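Engineer: Here it is, the structure, as structure tokens.
The values are calculated or read from the model by the stated rules, or taken from the named source; none is laboratory data. Computed from a predicted model, the values in this text were never measured in an experiment. Because the Cβ atoms are built from the backbone with ideal geometry, glycine has one as well, and the counts that use them run over all protein chains shown.
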Amino acid sequence: MTNQRVLITGGAGCLGANIIDRYGENGNQYLVIDNFATSDRAVLEGFSKSIQVIEGSVYDRELVDSAFDKFRPTHVVHSAASYKDPDNWQEDANTNIDGTINVAKASIRHDVRRFINFQTSLCYGIPNETPIPITHPVQPFSSYGISKAAGEQYLLMSGLPVVSLRLANVTGPRLSIGPIPTFYTRLKAGKGCFCSDSVRDFLDMSDFFSLFDLVLQDDAPTGVFNVSTGKGNTIKDVFDEVVKYLGITLKTEVPIIPVGADDTPIMVLDATVTEKTFNWKAKVDFEQTIKKMLQWYDVNGVATVYSHVKKPEGQE
Ligand SMILES: NC(=O)c1ccc[n+]([C@@H]2O[C@H](COP(=O)([O-])OP(=O)(O)OC[C@H]3O[C@@H](n4cnc5c(N)ncnc54)[C@H](O)[C@@H]3O)[C@@H](O)[C@H]2O)c1
């Protein structure tokens, strides 16, 4: 992507900041709208001067409209999402539904060339089959999943050139959600851990970008696509990789606890259609993916860890 005007909602977040990092030097201009609910403004300070930042919520329609009118984006990457308090349904709905509608309506007015949305695999709820094909019904059951699913449905009926990427757990610079930063931080601090009895798929940032490069192109297909290696690993597998990497000898076995009512036991996406459509395939295996992430934490540290699931009783 070169010489484009890219509006990124949630641009200070993990994926948003990585996108700016990747394309920042190619004559592109960026406008970030972020309320810093799960990110830090300082993340954007290390980038080049072609980034403008508006602190505010996508729920604020006037703010969104005025940002679009002044910046006149060619491309929109809608990365803002609310998930950090599973009981705050109103905030999830404000950001993930109303906020998405605001961004979609402004994008229609400005006739944007590409609209990239990111979707959580929680939109599939408790899946009927594994790995989950793209034709699987959308049946979310958590506030995050329900609100993100509704937002995506509005986008798909908007007539915009939308690509909605339904993502596995993307790991890479600045990741501050999920088991990898949690285990790394706690084990390094000598604290105890637990593993939920669940299976997830992990995708390295480099594989995410080899697809993202393709979906940004003007003539690329639109629609919904699963983005995954197609392979699942248990959270205990993640734990074991972190223990191995840190060279720790454990005195007791890590407790394995059942998944909470707000989480899904097995979540592995089938990306076959994406692979065929874009002639793309994830290349980095599970061990390498986790190792790359841990090496990044060694150099850069871990920011505050957020989660979309509740902690079990008794856990700090
Ligand atoms: N990273 C993954 O593995 C993954 C997996 C599935 C889906 N996703 C989706 O990808 C997108 C980015 O996720 P991420 O991992 O970068 O998360 P993140 O929390 O790092 O980034 C989300 C950003 O949105 C901002 N935000 C929240 N509410 C906002 C609001 N009302 N207005 C403006 N900004 C707001 C946050 O401050 C944050 O900077 C989200 O839509 C998420 O649902 C990510």
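Engineer: Limited to the stretch 24-59, what total is found for residues that are touching a Lys or Arg at 6+ places or on another chain (Cβ under 9 Å), within 8 Å of the ligand (Cβ to nearest atom) and not hydrophobic (A, V, I, L, M, F, W, C)?
Structural biologist: So the count comes out to 3.
Engineer: Name the residue that is nearest to the chain's Cα centre (by Cα), counting only residues in the stretch 75-100 that are among the charged types (D, E, K, R), within 13 Å of the ligand (Cβ to nearest atom) and farther than 17 Å from residue 60 by Cβ.
Structural biologist: Among them, the one singled out is 84.
A quick yes/no check of all residues on (1) at pLDDT 95 or above; (2) surrounded by 16 or more Cβ atoms within 10 Å (Cβ to Cβ); (3) among the basic types (Lys, Arg):
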| position | (1), (2), (3) |
| --- | --- |
| 202 | yes, yes, no |
| 209 | yes, yes, no |
| 222 | yes, no, no |
| 228 | yes, yes, no |
| 233 | yes, yes, no |
| 255 | yes, no, no |
| 259 | no, yes, no |
| 269 | yes, yes, no |
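Engineer: Could you grab me the full set of residues in the stretch 245-265 that are among the acidic types (Asp, Glu) and under 22 Å from residue 86 (Cβ atoms)?
Structural biologist: Passing the criteria: 262, 263.
Engineer: Identify the single condition in (1) surrounded by fewer than 22 Cβ atoms within 10 Å (Cβ to Cβ); (2) within 19 Å of the chain's Cα centre (by Cα); (3) touching a residue at least 60 places away in the same chain (Cβ under 8 Å) that residue 169 does not satisfy, given that it satisfies every other one.
Structural biologist: All conditions are met except number (3).
Engineer: Output the number of residues of the stretch 1-12 satisfying the condition of being outside any strand (DSSP E or B) and either modelled with pLDDT of 95 or more or in contact with a Leu (Cβ under 9 Å, 6 or more places away or on another chain) (or both).
Structural biologist: 5
Engineer: Let me ask another. Can you give me the ranges of the strands (runs of 3 or more DSSP E) entirely in the stretch 139-242 with at least 1 residues that are within 25 Å of residue 91 (Cα to Cα), among the β-branched types (Val, Ile, Thr) and more than 13 Å from the ligand (Cβ to nearest atom)?
Structural biologist: In the stretch 139-242, 162-167 are the strands (runs of 3 or more DSSP E) which contain 1 or more residues that are within 25 Å of residue 91 (Cα to Cα), among the β-branched types (Val, Ile, Thr) and more than 13 Å from the ligand (Cβ to nearest atom).
Engineer: Quick one: which of 109, 114, 72, 61 is over 18 Å from the mean Cα position of the chain (by Cα), in the same structural domain as residue 10 (by TED's automatic domain parsing) and surrounded by 22 or more Cβ atoms within 10 Å (Cβ to Cβ)?
Structural biologist: Only one candidate qualifies: 114.
Engineer: Kindly list, by first and then second residue, each pair from a residue in the stretch 13-27 that is at positive phi to a residue that is more than 8 Å from the ligand (Cβ to nearest atom), limited to pairs with Cβ atoms under 9 Å and residues at least 6 apart or on different chains.
Structural biologist: From the stretch 13-27, the pairs are 27/2; 27/3; 27/4; 27/50.
Engineer: What's the number of the condition residue 148 fails, among (1) surrounded by fewer than 21 Cβ atoms within 10 Å (Cβ to Cβ); (2) under 17 Å from the mean Cα position of the chain (by Cα)?
Structural biologist: Result: residue 148 passes all but (1).
Engineer: Quick one: how many residues across the stretch 62-81 are in contact with an Asp or Glu (Cβ under 8 Å, 6 or more places away or on another chain) and of a type in the set (Asp, Glu)?
Structural biologist: Number satisfying all stated conditions: 0.
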